[in-house]
Structure formats: C-alpha cells, structure tokens
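Values in this text are rule-based calculations from the coordinates and carry no lab data. None of the values given here were measured: they were computed from a predicted structure. All Cβ positions, glycine included, derive from the backbone under ideal geometry; neighbour counts span all protein chains shown.
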Amino acid sequence: MSENPATPESSPAAESGAAAESAPDATPRPATDRSAEAAEAPVPRDDTRPRPRTEPMFPDGTGPAADPAGSHHERRIRSFQPRRSRVSPGQADALRRLWPKWGLDIDGLSRIDLNEMFEGRPVILEIGFGMGEATAQMAAADPDTGILACDVHTPGQGNLLGLAERNGLSNIRVANGDAIILLREMLAPASLAGLRVYFPDPWPKKRHHKRRLIQPEFIALASTRLAPGALVHCATDWEPYAEQMLDVLSAEPTLENLHSGYAPRPDFRPLTKFEGQGLDKGHVVHDLLFRRRPA
C-alpha cells in the first residue's frame, strides 16, 4: 500500500502503483448543424480520464482536492508523488457521495478532534493504503478501533470509501494529502493509538534515499503524536529499506522494539494478493513492531 513525508507510493508488494498522466482526449467533433441551445448544452464530466495536475478532478468541492495544503506550508523533498491516475465510475461515485461524510483534505489549517470524528474510538493512523482492501479488512476485524487512512492516490481513496460503505464500516476516515502536515499541524500530541506504514515506496536508487518516509525526523515527529503504549507497525519487502527502518526505529528513544529484531507478521495484518505475488517471486517481507514508551 502506500504517502511519506506524506503518503508514500507502494512498492511491488503494495496494493497499487502510480500511473502516468496524459493530456485529456481531444476527439474532433463532426461539423453538424445544431441549434444554439444544443451547442451550449453542458458536456458530461468524465471522471475516468487522466487529468493534468492543475485541473481539479472535483471542481465543485465534493471530492478530494488536488493540493489541499496549497501554499500554506513550505515545500520540501517528499516521499510521495501525486497519483491522480484513472478513476473508475464507481470510484468517482463513491468519492462524490462519501467524501463529505468520511473524507478530509489535509490543509494544515485546523486541529482535528479525533474523539469526535471516531465517536470515542482509539485511532490508528495508516499512511499509504493502496487500493484499501487490507485497510477495510482490518477495520472489519476491529470495529472498536478507528482507522485514519492517509494517501494521495485518488482511485484508492474512492475504492476504500466504496469498501467502507458496502461493508458497513463506520470506523474508517480517508485523509488526502501530506501525512507530515497531518501529523505536525492537525493532530494533537498523544492522540494516536498506533501508526501503520505498510510497503512504502522504497526509493531504491541511492540518490533517492532521502525521499524515504522512515527517517529519524519523521519518526521523532510521529512519536510525539502517539499515546503511551501505542504500536508502530512497519512492513516492507525491500531488504535495504527494512534495515533502515530497523536502525531508525531502534534509535528513537521514545520507542521500544517488541522483538529482538524483525517481527513475525502479526495476524491482524492481512496478507494481500500483491504481497503474495511478491513472496512467489522470492521477496522477503519484514515486519517491525515497536511500542511508544510511557511518558
């Protein structure tokens, strides 16, 4: 799955991949005689076509914004790239209907009341969820825990909202944008019961390692938003990134490793079909489980 200094893109074991954006279709129309009224009739909106980054997918504000933080916060190297790939009609419909109820844009302008949003449930922040199948499974298995799922992949956002509706999952909220801004500006200290980062983009080239999400600065920030006893759970199928994760998490003084090194995959993390395909190819998946120490 995927954001990040925000929402990361997924690795090969993740549930989605980035798709290249292309220019809108420009099919020539036949020259026919039409009345002025017909010529001025609105053209139906096609939410399935890729859009330039500057063109809003939901100009009426009924869905996730293209750049919710806008110019409110500084620009920096990010661990993710916008992923506004093709949205299916079903995903677009779910975004229009459910975003006002279960979605939020990470604009960094206000503090979120998680207690009100999740009706008193403890809340786990999941950064990068791909198409959302595993997130929906975990939400269904633990309805008394809220999941704040953060990503920048518009089709995945729509897919997860659709899964939540079809399965009656009232404990999921979908956050769109930069997870760093979410943590730093919009979440209160000690407000989270857990943090999940499954299969973030490994940025395998050495010159891109600075884009990886799991860095000392990120973990130090995230730790301030974790309540004592909160669980930090990371997973990756990229061996060098697993080593970096273990080093970074072990070096954070507010966290303690629940195992001597890597952890076995806990039962609550579903084995996805993409992870299974990776395992079939010989990939080794590493889980890491750390806990926030008492204050």
Problem - Virtual spin-label span in nm between Thr224 and Leu109, 7 Å along Cα→Cβ - result: 2.3
Practice task
Give, in nm to one decimal, the length gained when the segment between Ser88 and Leu258 is fully stretched (0.36 nm per residue of separation minus the Cα-Cα distance).
Solution key: 57.1 nm
Fill in the blank from the handout: Yeah, the stretch 76-292 with a ≥ b ≥ c from its alpha-carbon gyration tensor (a/c under 1.5 is rounded, else prolate when a/b outruns b/c, oblate otherwise) is rounded
Fill in the blank from the handout: Per-residue Cβ contact counts at 10 Å, fewest first, order Ser250, Ser260, Ser223 as Ser260, Ser250, Ser223
Exercise for the section: Search the structure for amide H atoms under 5 Å from the amide H of Ala263, placed 1.01 Å from N in the peptide plane, and list their residues when 5 or more places away or on another chain. Expected result: Asp287, Leu288, Leu289
Problem - Packing-based exposure ordering (other Cβ within 10 Å, fewest first) of Met117, Met245 - result: Met117, Met245
Exercise for the section: Tell me which residues come under 5 Å, amide H to amide H, from Ala230 once H is placed; ignore anything under 5 positions away on its chain. Expected result: Arg292
Fill in the blank from the handout: At R0 = 25 Å the Cβ-Cβ FRET efficiency linking Phe268 and Asn167, nearest 0.05, sits at 0.90
Exercise for the section: Quote the relative contact order of the stretch 76-292 in percent (integer), defining contacts as alpha-carbon pairs under 8 Å separated by 6+ residues. Expected result: 21
Handout entry: From phi via Karplus (6.51, -1.76, 1.60), per-residue ³J(HN,Hα) for the stretch 141-147 in Hz, x at Gly/Pro
Key = 6, 9, x, 8, 10, x, 10
Fill in the blank from the handout: Ordered by fewest other Cβ atoms within 10 Å, a rough proxy for footprinting exposure, Phe268, Phe118, Phe274 read Phe268, Phe118, Phe274
Problem - Distant-in-sequence amide H partners of Leu255 (H built 1.01 Å from N, under 5 Å) - result: Arg293
Exercise for the section: With r as the distance between the Cβ atoms of Glu239 and Glu119 and R0 = 25 Å, compute the FRET efficiency 1/(1 + (r/R0)^6) and round to 0.05. Expected result: 0.05
